[in-house]
1. Which entries of Lys41/Lys83; Lys38/Lys77; Lys8/Lys83; Lys8/Lys76; Lys6/Lys49; Lys41/Lys77 show an alpha-carbon separation above 20 angstrom in the structure shown?
2. Leaving out ligands and nucleic acids, and using a 1.4 Å probe, what accessible area per residue does the chain come to in Å²?
3. Compare Arg19, Arg53, Arg74 in a GNM of the chain, Cα atoms joined below 10 Å, and give the one with the largest fluctuation.
4. Mind listing the long-range amide H neighbours of Arg19? Cut-off is under 5 Å, sequence gap 5 or more, other chains count too, H placed in the peptide plane at 1.01 Å from N.
5. Helix 33-42 sits at what angle to the longest principal axis of the chain, using alpha carbons and giving 0 to 90 degrees rounded to 10?
6. Run the numbers for Lys38 and Asp20: contour at 0.36 nm per residue of separation, minus the present Cα-Cα distance, in nm.
7. Rounded to a whole number, what % of the accessible area of region 1-89 do carbon and sulfur atoms account for, probe 1.4 Å?
8. Tell me the label-point distance for the pair Leu85, Asn70, using the 7 Å Cα-to-Cβ offset, in nm and rounded to one decimal.
Amino acid sequence: MSEKTKEKTYPCAAVNCDRDVTATESVRFSSVHETALKWAKALGLEKYKPSSRICLAHFDLDEDFIQGDNGFRRIKKDAEPTKNLPTVSHFVF
């Protein structure tokens, strides 16, 4: 019998979000620095790591993603987290 491989999970980087999500249930921070700073502010983060993941619960799936011909979703370049955001921000300018 083969043992099932458990898919790796990642904690959502958003403040007060306790979701652990897989790679297909999340996105990495934007590689564009200015966009990443906007995301961090919206998610209540003082700092962020480019490798951090944000769960899809913080995005509008209809507005922020493009469905490819292969069935995979791709985040739009201008997408920003707008849902289930923390009420208090710890971001420092």
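The values are calculated or read from the model by the stated rules, or taken from the named source; none is laboratory data. Given the structure is predicted, the values throughout are model-derived calculations rather than measurements. All Cβ positions, glycine included, derive from the backbone under ideal geometry; neighbour counts span all protein chains shown. For accessibility, only protein heavy atoms count, side chains too; no ligands or nucleic acids. Shrake-Rupley method; radii C 1.70, N 1.55, O 1.52, S 1.80 Å.
1. Working: Lys41/Lys83 13 Å; Lys38/Lys77 13 Å; Lys8/Lys83 24 Å; Lys8/Lys76 24 Å; Lys6/Lys49 25 Å; Lys41/Lys77 17 Å.
Violating the 20 Å Cα-Cα cut-off are Lys8/Lys83; Lys8/Lys76; Lys6/Lys49.
2. On the way: 7000 Å² over 93 residues.
Per residue, the chain has 75 Å² of solvent-accessible surface.
3. Arg74
4. Answer set, sorted by chain and number: Cys12.
5. 80 degrees
6. 4.2 nm
7. Numbers: 3130 of 6580 Å².
In region 1-89, the share of accessible area belonging to carbon and sulfur is 48 percent.
8. 3.2 nm
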